[in-house]
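The structure appears below as structure tokens.
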Amino acid sequence: CGSHWNEMYAKLTTYYEKFGHCKIPVTYPDDPVLGLWVRNLRMLQTKGKVSDDRIKRLNELEFVWDSNQMRWDTMVNHMKEFIRVNGRVRVPDKYVTTDGVQLGWWARTQKTARKGKNNHLLTPERVAELDSFGFVWASALEEQWNSMFNRLGQFKQQYGHCNVPKSFRGEDEKGPHLGSWVFRQRRNTSDALCLERKEKLDSIGFLWDTTNDESSCKKPRLQY
């Protein structure tokens, strides 16, 4: 009825004036009825059961009709806050915010969706939005691979080749052996090593077969 609708609209207006938006969670603890009323409005609108006049009045409060977009905006704000506090780093998969939001799970889901897996697809607009504030797309394994690749690039700059002795560790005594990592890349000549990684290795002159490589006979003095 009209009186009930106006009563709920007045409550929504109060919420808007207090918080600056109408993104009320369904389980809003301060007023559970208001949260349910907002959810029902969205459902009724999809069925064409909300009058133009009421839609106009709700739009004046910047009412969000698309609940999926509302959730997206909420998670993006959490992600921006994480980066503001921690810097441009990867969100741990099991990271949960202080208010119980599973941000790590959400971040991993976006990476999967970008690849078009599990029947999900991240639109170019949303990819661009995440890129705009420094979202880290690499997984933990990808970050580790890229770190080792950078170390190999530094080795190449210093010694002029990529034929790293298998036992060579480098300056990072706590990190993985660079030599062992290079050896594994040579063994992964099948589909186990993706084309993108092969191309990156090729770009710095990586040697896949060192049998007749002169640098293997002229190894520089290295730290082991």
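The values are calculated or read from the model by the stated rules, or taken from the named source; none is laboratory data. Values in this document were obtained by computation on a predicted structure and should not be read as measured data. Virtual Cβ from ideal backbone geometry, glycine too; neighbours counted across all protein chains shown. Heavy atoms of the whole protein, side chains included, go into the accessibility calculation; ligands, DNA and RNA do not. Shrake-Rupley method; radii C 1.70, N 1.55, O 1.52, S 1.80 Å.
Here are some notes:
- Test for ARG57: is it part of a helix (DSSP H, G or I), modelled with pLDDT of 95 or more and open to solvent by 60 Å² or more (accessible area, probe 1.4 Å): yes
- In summary, THR109 fulfils each of the numbered conditions (1) β-branched (Val, Ile, Thr); (2) assigned to a loop (DSSP other than H, G, I, E, B); (3) free of Cβ contacts under 8 Å to residues at least 40 places away in the same chain; (4) under 17 Å from LEU130 (Cβ atoms) with the single exception of condition (2).
- Residue in region 141-153 that is in contact with a His (Cβ under 9 Å, 6 or more places away or on another chain), open to solvent by less than 80 Å² (accessible area, probe 1.4 Å) and at pLDDT 85 or above present: no
- Within region 65-116, if we keep just the residues that are of a type in the set (Phe, Trp, Tyr) and open to solvent by less than 60 Å² (accessible area, probe 1.4 Å), the residue that is nearest to SER139 (Cα to Cα) turns out to be TRP106.
- Beta carbons closer than 7 Å, at least 6 apart along the sequence or on distinct chains, pair a first residue in region 68-90 that is among the hydroxyl-bearing types (Ser, Thr, Tyr) and assigned to a helix (DSSP H, G or I) with a second that is modelled with pLDDT of 85 or more and surrounded by 15 or more Cβ atoms within 10 Å (Cβ to Cβ) for THR74/LYS23.
- Any hit, region 117-133, residues being without any contact (Cβ under 8 Å) to a residue 60 or more places away in the chain, assigned to a loop (DSSP other than H, G, I, E, B), of a type in the set (Gly, Ala, Ser) and open to solvent by less than 90 Å² (accessible area, probe 1.4 Å): no
- Filtered residue count, region 19-43, keeping only those that are outside any loop (DSSP other than H, G, I, E, B) and either among the basic types (Lys, Arg) or within 15 Å of MET8 (Cα to Cα) (or both): 11
- Residue list for region 1-41, filter: among the acidic types (Asp, Glu) and closer than 20 Å to VAL101 by Cα: ASP30
- Residue count for region 11-33, restricted to those that are open to solvent by less than 80 Å² (accessible area, probe 1.4 Å) and of a type in the set (Asp, Glu): 1
- Under the condition of being among the hydroxyl-bearing types (Ser, Thr, Tyr) and under 12 Å from the mean Cα position of the chain (by Cα), the residues counted in region 133-156 number 1.
- Subset tally (residues that are open to solvent by 60 Å² or more (accessible area, probe 1.4 Å), part of a loop (DSSP other than H, G, I, E, B), modelled with pLDDT of 55 or more and farther than 16 Å from LEU152 by Cα) for region 189-224: 7
- Flag: LEU36 does not match the condition of being open to solvent by less than 60 Å² (accessible area, probe 1.4 Å), without any contact (Cβ under 8 Å) to a residue 60 or more places away in the chain and farther than 21 Å from ASN77 by Cα.
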